[in-house]
Amino acid sequence: MRRRQFITLLGGAAAWPLAARAQQPKMPVIGFLTAASPDGFMVRVRAIRQGLKDAGYAEGENVAIEYRWAENQLDRLPALAADLVRRRVTVIVATGGTATAIAAKAATTTIPIVFTIPEDPVRLGLVASLSRPGGNATGINFFSNELVEKRLGVLRELVPNAVRVAVLVNPADASNTEATVKGVETVAHAMALQVQFFRASTSGEIQAAFERLAHERPDVLFVGGDPFFLVRRVQLATLAALHRLPASFSNREHVEAGGLMSYGTNINDVFRQAGIYVGRVLKGEKPADLPVMQPTTFELVINLPTVMALGLTVPPTLLARADEVIE
């Protein structure tokens, strides 16, 4: 074989893998947008990854994820959403509060969006209807503010003599705070409860709020269902125990951290379902045709050591209704 022919053959052999690689489909990229911070929120990320796995996708293998954390600075969300749009991600997952979904929707009308929100997406203008979203967004509407009456009712069963209720909300998430305030005021009036609102959007403000609580001496504490409070769950549970204040939370993670009780949706399952929806979008389904999902089951979790430390007694009927009693 002539030397020139041999070199030509070698060149063709070397070029073949490069050409083959060039023809391989590009890995889809998921844009993960949240108002929360990584600290304390990774449990939600793992739930989304599990949902993706259930749908046939694994991060780093056949899908990539670009993470954008607002660190509870909601004014950063529009810029973070715009950045994901510039990067031309395949789909955006909007989590960690209503403001995140609104920012994602405002940033694009073409890139598919899968949201997880505690409020009615129809009222917010994110979708045309729950059954037929009709645009580029769909997701899971988990109930939080709608469960105010149930949460206050359970807390009243645990502390039957409670009259004065302190409510902790995060003013940084204006939409969620407004809905919580309205819901609590309506229910409290019907239950003849006196309500006082406390606001905190940083760790220092939580500390300051509890110092005020120590002075005001309410009978019970109702903590709003805000992602920031999930991240600060250990601080909240510790301060509530320190001040011997019976507290109600929306997520079981608070109770696992030492909080008294929670009633609400299994949020990890919500995020797993969001991951499944993302997988369906990656396979070609359109958000316009994917109905907004809503949970049908809710869980009551009670921390028995905290009950005992506060000198409370769980009524047998309430104990029987609990989905889990942490001992």
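The values are calculated or read from the model by the stated rules, or taken from the named source; none is laboratory data. Computed from a predicted structure; not experimentally measured. FYI the Cβ positions are ideal-geometry reconstructions off the backbone, even for glycines, and counts take in every protein chain you see.
Give segment 285-296 a look and list any residue that's in contact with a Ser or Thr (Cβ under 8 Å, 6 or more places away or on another chain) and closer than 30 Å to Leu260 by Cβ, or say none.
Step one: of segment 285-296, the residues in contact with a Ser or Thr (Cβ under 8 Å, 6 or more places away or on another chain) are 287-288, 290-292, 295.
If the condition is that a residue be in contact with a Ser or Thr (Cβ under 8 Å, 6 or more places away or on another chain) and closer than 30 Å to Leu260 by Cβ, then Pro295 is the only one that fits.
Filtering segment 60-89 down to residues that are β-branched (Val, Ile, Thr) and not in a loop (DSSP other than H, G, I, E, B), which residue is surrounded by the most Cβ atoms within 10 Å (Cβ to Cβ)?
The extreme case among them is Val63.
For the subset of segment 260-272 comprising residues that are touching a helix residue (DSSP H, G or I) at 6+ places or on another chain (Cβ under 6 Å) and within 16 Å of Gly51 (Cα to Cα), which member is surrounded by the fewest Cβ atoms within 10 Å (Cβ to Cβ)?
Result: Asn268.
Can you name the residue in segment 102-129 that is touching a Pro at 6+ places or on another chain (Cβ under 9 Å) and under 20 Å from Asn266 (Cβ atoms) and, of all such residues, is modelled with the lowest pLDDT?
The extreme case among them is Pro121.
Assuming Ile92 fulfils every condition listed in (1) of a type in the set (Val, Ile, Thr); (2) modelled with pLDDT of 95 or more; (3) surrounded by 19 or more Cβ atoms within 10 Å (Cβ to Cβ); (4) more than 20 Å from the chain's Cα centre (by Cα) apart from one, which condition is it?
Unmet for Ile92, out of (1) of a type in the set (Val, Ile, Thr); (2) modelled with pLDDT of 95 or more; (3) surrounded by 19 or more Cβ atoms within 10 Å (Cβ to Cβ); (4) more than 20 Å from the chain's Cα centre (by Cα): (4).
Might you check whether a residue that is closer than 29 Å to Gly135 by Cα and in contact with a helix residue (DSSP H, G or I) (Cβ under 6 Å, 6 or more places away or on another chain) occurs anywhere in segment 279-287?
So the first thing to find is which residues in segment 279-287 are closer than 29 Å to Gly135 by Cα, and the list is 279-287.
Filter once more, keeping what is in contact with a helix residue (DSSP H, G or I) (Cβ under 6 Å, 6 or more places away or on another chain): 279.
Checked segment 279-287: at least one residue is closer than 29 Å to Gly135 by Cα and in contact with a helix residue (DSSP H, G or I) (Cβ under 6 Å, 6 or more places away or on another chain).
Considering only residues that are in a helix (DSSP H, G or I) and under 12 Å from Met261 (Cα atoms), which ones fall in segment 317-327? Steps first, answer last, please.
At the first step, the residues of segment 317-327 found to be in a helix (DSSP H, G or I) are 317-321.
Result: Leu318, Leu319.
Can you name every residue in segment 232-250 that is part of a helix (DSSP H, G or I) and either touching a His at 6+ places or on another chain (Cβ under 6 Å) or crowded, with 21+ Cβ neighbours inside 10 Å (or both)?
Arg233, Leu236, Ala237, Ala240
Counting only residues that are outside any helix (DSSP H, G or I) and on the phi < 0 side of the Ramachandran plot, how many does segment 265-316 have? Full working, then the answer.
Let us first name the residues in segment 265-316 that are outside any helix (DSSP H, G or I), namely 265-266, 283-286, 290-303, 310-315.
Applying the additional criterion that residues be on the phi < 0 side of the Ramachandran plot yields 265-266, 283, 285-286, 290-303, 310, 312-315.
Summing the residues that are outside any helix (DSSP H, G or I) and on the phi < 0 side of the Ramachandran plot in segment 265-316 gives 24.
Can you find a residue that is touching a helix residue (DSSP H, G or I) at 6+ places or on another chain (Cβ under 8 Å) and over 25 Å from Asp173 (Cα atoms) anywhere in segment 218-237? Write out each step before concluding.
First, pick out the residues of segment 218-237 that are touching a helix residue (DSSP H, G or I) at 6+ places or on another chain (Cβ under 8 Å): 220-226, 229-230, 232-233, 235-237.
Then keep just the ones that are over 25 Å from Asp173 (Cα atoms); that gives none.
Checked segment 218-237: no residue is touching a helix residue (DSSP H, G or I) at 6+ places or on another chain (Cβ under 8 Å) and over 25 Å from Asp173 (Cα atoms).
How about segment 106-198: which strands (runs of 3 or more DSSP E) wholly inside it have at least 2 residues that are over 26 Å from Leu84 (Cα atoms)? Working first, answer last.
Values: elements: 113-117, 137-141, 164-169.
Result: 164-169.
Of the conditions (1) buried (at least 16 other Cβ atoms within 10 Å of the Cβ); (2) in contact with a helix residue (DSSP H, G or I) (Cβ under 9 Å, 6 or more places away or on another chain), Gly134 fails just one. Which one is it?
Unmet condition: (1).
Do we find that Ile30 is crowded, with 19+ Cβ neighbours inside 10 Å and more than 22 Å from Ser250 (Cα to Cα) in this structure? I'd like the intermediate steps shown before the answer.
Details: crowded, with 19+ Cβ neighbours inside 10 Å: yes; more than 22 Å from Ser250 (Cα to Cα): yes.
The answer is yes for Ile30.
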